[in-house]
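**Student:** Mind looking over this structure? Questions follow.
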Amino acid sequence: MAEPRVLIDATAVPADRGGVGRYVDSLVAALDADGARVTVVCQPRDGRLYAELAPHASVVPTAQSTATRTARLTWEQTTLPMLVRRLGVDVVHSPHYTMPLAGRAASVVTLHDATFFTDAMLHSSVKARFFRAWTVTALRRAELCVVPSVATARELERVTGTRTAELEIIQHGVDVERFHPPAPEEIRAARDVIGLGDTPYVAFLGALEPRKNVPALIRGFAEAVGGQAEPPALVLAGQPGWDSQVEKALDAVPHRLRVIRAGYLPFETLAGFLGGAELVAYPSLGEGFGLPVLEAMASGACVLTTRRLSLPEVGGDAVAYCGVGAGDVAAALGELLADPTRRATLAEAAQLRAKEFSWSGTAERHREAYEKAWHRHRAHRS
């Protein structure tokens, strides 16, 4: 029997490529390289990108704007089913919680985490309600739901009653061309973009949203290095987010300490930024997977993170761990900054562990998931 024809709906991918965007982009490229029969539907601005990432795939930019959540949902429920019928698609992969409720194709939905249920206060109330409702809908209506970690599967089982065995656990990979131990010139380029000069620095990469626990990182950093004669800088890279406590934490930092809000860094500078740091700190309150941790590991960084949810599945014994309070972060940062030998040992272990995660392996597992969903769909219809 021929392999099912798969449509990947990439219209939910934001212009600034965060974790979900990197998941979709990398998966599409790996599926195409693996010979999968894939159609990618995307926003008009992403048409050229997906044509380059997946040269053998059929790339279909949407005719109308899907830039706002309301416009995208309307398109997903009305236009996408017609497009699926016209293209003769067998499986629709919706990689960001929502899915078309009507149509002839099998549905595969990726659910990235359960924190909209377990830690709703870490999200805006509208966003939490929206994603809770769509998570429940996807678990009930889709042929198959993909999650990126055992922790996410267990959390969804706990809050929705869905059995872990019913979910397809497929870990993300890491793009080793993008994320690799950087050459000196790559480190210099990243430093130039940030305006760092030669100052050593602690790096953070991620959106400045409550779940990332950035205020505790800022306070912990100030406590850890406040007594040093030549303290490193703290560089916060990523989208602004909506964590109002970040500003309060920054206001309390002594003037002699340098904290840089670098904003969204160009993708090509990330390996130099992560690999050029003294260490990468990611004291998250919980992740569905933890792609920034894996990308830092692949970039040859010493990583400090927490044991919350999926993060130990990614870091294993190759990263350092701390609690989520500012004092916990301060103690761990202080110990690591004072011990270059341990940082080097962890960085070496992290590079080795990162090699266990590949997008080609992720793509292979997704192809198996598409086939399973298609067979389930056909069985239900017969």
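The values are calculated or read from the model by the stated rules, or taken from the named source; none is laboratory data. Since the model is a prediction, treat every value here as computed from it, not as a measurement. Heads up, the Cβs are rebuilt from the backbone with ideal geometry, glycines too, and the neighbour counts pull from every protein chain shown.
**Student:** Looking only at region 334-379, count how many residues are of a type outside the set (S, T, N, Q) and more than 23 Å from Ile169 (Cα to Cα).
**Tutor:** Looking only at region 334-379, we keep the residues that are of a type outside the set (S, T, N, Q), and these are 334-340, 342-344, 346-350, 352-357, 359, 361, 363-379.
After this cut, where a residue has to be more than 23 Å from Ile169 (Cα to Cα) as well, the list is 334-340, 342-344, 346-349.
The total comes to 14.
**Student:** Moving to a separate point now. Is one or more of the residues making up region 280-295 part of a helix (DSSP H, G or I) and in contact with a strand residue (DSSP E or B) (Cβ under 7 Å, 6 or more places away or on another chain)? Spell out how you get there, then give the answer.
**Tutor:** First, pick out the residues of region 280-295 that are part of a helix (DSSP H, G or I): 291-295.
Next cut, in contact with a strand residue (DSSP E or B) (Cβ under 7 Å, 6 or more places away or on another chain) only: 292-293.
Yes, region 280-295 contains at least one residue that is part of a helix (DSSP H, G or I) and in contact with a strand residue (DSSP E or B) (Cβ under 7 Å, 6 or more places away or on another chain).
**Student:** I'd like to check something: does region 57-64 contain any residue that is surrounded by fewer than 23 Cβ atoms within 10 Å (Cβ to Cβ), of a type outside the set (Val, Ile, Thr), in contact with a strand residue (DSSP E or B) (Cβ under 6 Å, 6 or more places away or on another chain) and part of a loop (DSSP other than H, G, I, E, B)?
**Tutor:** yes
**Student:** Right, another one. Do we find that Arg367 is surrounded by fewer than 15 Cβ atoms within 10 Å (Cβ to Cβ), in contact with a strand residue (DSSP E or B) (Cβ under 9 Å, 6 or more places away or on another chain) and within 30 Å of Val6 (Cα to Cα) in this structure?
**Tutor:** Working: surrounded by fewer than 15 Cβ atoms within 10 Å (Cβ to Cβ): no; in contact with a strand residue (DSSP E or B) (Cβ under 9 Å, 6 or more places away or on another chain): yes; within 30 Å of Val6 (Cα to Cα): yes.
Against the criterion (surrounded by fewer than 15 Cβ atoms within 10 Å (Cβ to Cβ), in contact with a strand residue (DSSP E or B) (Cβ under 9 Å, 6 or more places away or on another chain) and within 30 Å of Val6 (Cα to Cα)), Arg367 does not qualify.
**Student:** Residues that are in contact (Cβ under 8 Å) with a residue 40 or more places away in the chain, buried (at least 21 other Cβ atoms within 10 Å of the Cβ) and under 21 Å from the mean Cα position of the chain (by Cα): list the strands (runs of 3 or more DSSP E) wholly contained in region 187-268 that include at least 3 such residues. Working first, answer last.
**Tutor:** Numbers: elements: 201-205, 233-237, 259-263.
In region 187-268, 201-205 are the strands (runs of 3 or more DSSP E) which contain 3 or more residues that are in contact (Cβ under 8 Å) with a residue 40 or more places away in the chain, buried (at least 21 other Cβ atoms within 10 Å of the Cβ) and under 21 Å from the mean Cα position of the chain (by Cα).
**Student:** What number of residues within region 273-302 are touching a Lys or Arg at 6+ places or on another chain (Cβ under 8 Å), closer than 12 Å to Tyr201 by Cβ and crowded, with 21+ Cβ neighbours inside 10 Å?
**Tutor:** Residues flagged as touching a Lys or Arg at 6+ places or on another chain (Cβ under 8 Å), closer than 12 Å to Tyr201 by Cβ and crowded, with 21+ Cβ neighbours inside 10 Å within region 273-302 amount to 2.
**Student:** Within region 157-175, how many residues turn out to be at pLDDT 95 or above and under 18 Å from the mean Cα position of the chain (by Cα)?
**Tutor:** 7
**Student:** Please name all residue pairs, on different chains or six or more residues apart, with Cβ atoms under 7 Å, provided the first residue is in region 157-171 and is in the same structural domain as Val147 (by TED's automatic domain parsing) and assigned to a helix (DSSP H, G or I) and the second residue is surrounded by fewer than 13 Cβ atoms within 10 Å (Cβ to Cβ) and not polar (S, T, N, Q).
**Tutor:** Glu157/Arg163
**Student:** A follow-up question, please. Where residues in region 348-364 are in a helix (DSSP H, G or I) and of a type in the set (Ser, Thr, Tyr), which of them is nearest to Ala216 (Cα to Cα)?
**Tutor:** Step one: list which residues in region 348-364 are in a helix (DSSP H, G or I), which gives 348-354, 359-364.
From the residues that got through so far, the ones that are of a type in the set (Ser, Thr, Tyr) too are 360, 362.
Details: Ser360: 36, Thr362: 33 Å.
Ranking the qualifying residues of region 348-364, first place goes to Thr362.
**Student:** How many residues, within region 328-347, are in a loop (DSSP other than H, G, I, E, B) and surrounded by fewer than 13 Cβ atoms within 10 Å (Cβ to Cβ)?
**Tutor:** Filtering region 328-347 down to residues in a loop (DSSP other than H, G, I, E, B) leaves 338-339.
Next, only the ones that are surrounded by fewer than 13 Cβ atoms within 10 Å (Cβ to Cβ) stay: 338.
Looking only at that region, the number is 1.
**Student:** Filter region 11-53 down to residues that are within 15 Å of the chain's Cα centre (by Cα), among the hydrophobic types (A, V, I, L, M, F, W, C) and not in a helix (DSSP H, G or I) and give me whichever is farthest from Gly263 (Cα to Cα).
**Tutor:** Per the criteria, the residue is Ala12.
**Student:** Follow-up. So, Asp34, is that one within 22 Å of Gln171 (Cα to Cα) and either assigned by TED's automatic domain parsing to the domain that holds Val108 or β-branched (Val, Ile, Thr) (or both) or not? I'd like the intermediate steps shown before the answer.
**Tutor:** Values: within 22 Å of Gln171 (Cα to Cα): yes; either assigned by TED's automatic domain parsing to the domain that holds Val108 or β-branched (Val, Ile, Thr) (or both): yes.
When the stated conditions are applied, Asp34 passes them.
**Student:** On to the next question. When only residues in region 13-56 that are touching a residue at least 60 places away in the same chain (Cβ under 8 Å), among the charged types (D, E, K, R) and closer than 26 Å to Leu265 by Cβ count, which is surrounded by the fewest Cβ atoms within 10 Å (Cβ to Cβ)?
**Tutor:** Asp16
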